[in-house]
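Report on the following structure.
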Amino acid sequence: MLAISRSDDWMNWKVNLSDIVTETLLLLSWYSTYFQKKSILHLLQKIELMTTPMIKNKINACVIIAAFLYFICYPIGIIASTDRDNFDGYSHFLLYRLVIGNILLKYICYAIKMLLHFSFTQFCNSVILLLYLTVCHYVSASLEKFKEDIVAMPPEEFLKEQPGLSERYSKIIAVLQDTQQTFSLTSLLQCLGFIASSFTALSFLLLFPEAVVPSVLFENVFSLLTTSFSMILIFYIGGRIPVKMAEVRNAFYAKCAMTSSVQFGPDIRLEFFALSKLVDLPRMVLSGCDIVYYTKQNIFSALGSFITYSLLLLQFNSQTLSN
């Protein structure tokens, strides 16, 4: 987008429209998160009480990595790949073609505007994504720990712990339902925004090959990789939950087969029946407003559909292909 401002074709509808759609979708995801702030805070407080220090350190490390990536790596990469001839074009675009006589003030305004234009907004998007992925990871990790505890329990203890297991599993299901209700719209807007952002970068690289100087190439490849990776994370981490639920069900019935010879009392039979009903619930799949379902199987389907429809929408000519 920066190089288009210096070319005669900078009003090309394909690139500009996709960029407008990207910013609109991501901005709507911010507002969606803001309106759900009470539900998100309640959900995070609930997870905070049940999260180990190791997971907390991993979450803090992910935030630091995102800040390092967008506020340090990206500016350094842009500055290192930008030569003097292209700097004027960047500054004209970022400063809306304002003429600033003082060169030091011009560099300061350029640096601040570049960070706000890309780094800050993308960091905010990554924080929203991290909130969603943190909750999804907590649910899948809780299901994994629940399965391991069932497998490790002796048959006698397994029968005695039925009330505790039922309560524990119902809490995990409650968190999962809250996650779907709270992040349904936000995750959909984020996912569509990442798709539109990837389309913007891809369309620019294909439609304006003559404008792909090193700095522009770095900017668009960086955007394409980060947004594609973020979209894959939504499907991959969200898709772990139904897999873990199936593993819990298999572990539960495998343990039941080992305890079939034990005589059940009335109370134990009742609690056992309650837990079996919870385990037999249909596998819950997180989705974006029941439009996009986040499963591992849909990763390649989403990528394939994105590439196919991108190429159809771009409709680049034979001269561009030969170049």
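In the set (1) surrounded by fewer than 20 Cβ atoms within 10 Å (Cβ to Cβ); (2) of a type in the set (Val, Ile, Thr); (3) within 14 Å of the chain's Cα centre (by Cα), the condition left unmet by Val213 is number (3).
Give the residue that is farthest from Ser223 (Cα to Cα), with candidates limited to residues of region 1-23 that are surrounded by 14 or more Cβ atoms within 10 Å (Cβ to Cβ), at pLDDT 70 or above and of a type in the set (Val, Ile, Thr). Spell out the reasoning first.
So the first thing to find is which residues in region 1-23 are surrounded by 14 or more Cβ atoms within 10 Å (Cβ to Cβ), and the list is 1-6, 10, 12, 14-19, 21-23.
Now drop any that are not at pLDDT 70 or above, which leaves 16-19, 21-23.
Now narrow it down to the ones that are of a type in the set (Val, Ile, Thr): 21-22.
Numbers: Val21: 15, Thr22: 12 Å.
Filtering region 1-23 for residues that are surrounded by 14 or more Cβ atoms within 10 Å (Cβ to Cβ), at pLDDT 70 or above and of a type in the set (Val, Ile, Thr), the one farthest from Ser223 (Cα to Cα) comes out as Val21.
Cys124 meets the stated requirement of being open to solvent by 30 Å² or more (accessible area, probe 1.4 Å), under 18 Å from Cys62 (Cβ atoms) and part of a helix (DSSP H, G or I). Flag set for Val175, criterion: of a type in the set (Val, Ile, Thr) and either under 21 Å from the mean Cα position of the chain (by Cα) or closer than 13 Å to Leu286 by Cα (or both). Beta carbons closer than 7 Å, at least 6 apart along the sequence or on distinct chains, pair a first residue in region 240-252 that is closer than 10 Å to Glu144 by Cα with a second that is at pLDDT below 85 and open to solvent by 60 Å² or more (accessible area, probe 1.4 Å) for Met245/Arg283. Would you say Leu189 is touching a helix residue (DSSP H, G or I) at 6+ places or on another chain (Cβ under 6 Å), open to solvent by 10 Å² or more (accessible area, probe 1.4 Å) and touching a residue at least 12 places away in the same chain (Cβ under 8 Å)? Considered against the rule, which asks whether it is touching a helix residue (DSSP H, G or I) at 6+ places or on another chain (Cβ under 6 Å), open to solvent by 10 Å² or more (accessible area, probe 1.4 Å) and touching a residue at least 12 places away in the same chain (Cβ under 8 Å), Leu189 comes out as yes. Listed by first and then second residue, the pairs with beta-carbon distance under 9 Å, at least 6 apart or on different chains, first residue in region 285-312 and part of a helix (DSSP H, G or I) and β-branched (Val, Ile, Thr), second open to solvent by less than 50 Å² (accessible area, probe 1.4 Å) and modelled with pLDDT of 80 or more, are Ile299/Met231; Ile299/Phe235; Ile299/Gly239.
The values are calculated or read from the model by the stated rules, or taken from the named source; none is laboratory data. No experiment lies behind these values; they were computed from the predicted model shown. Glycine also receives a Cβ, built like all others from the backbone with ideal geometry; neighbour counts cover every protein chain displayed. Heads up: the accessible areas ignore ligands, DNA and RNA and are worked out on the full protein's heavy atoms, side chains in. Shrake-Rupley method; radii C 1.70, N 1.55, O 1.52, S 1.80 Å.
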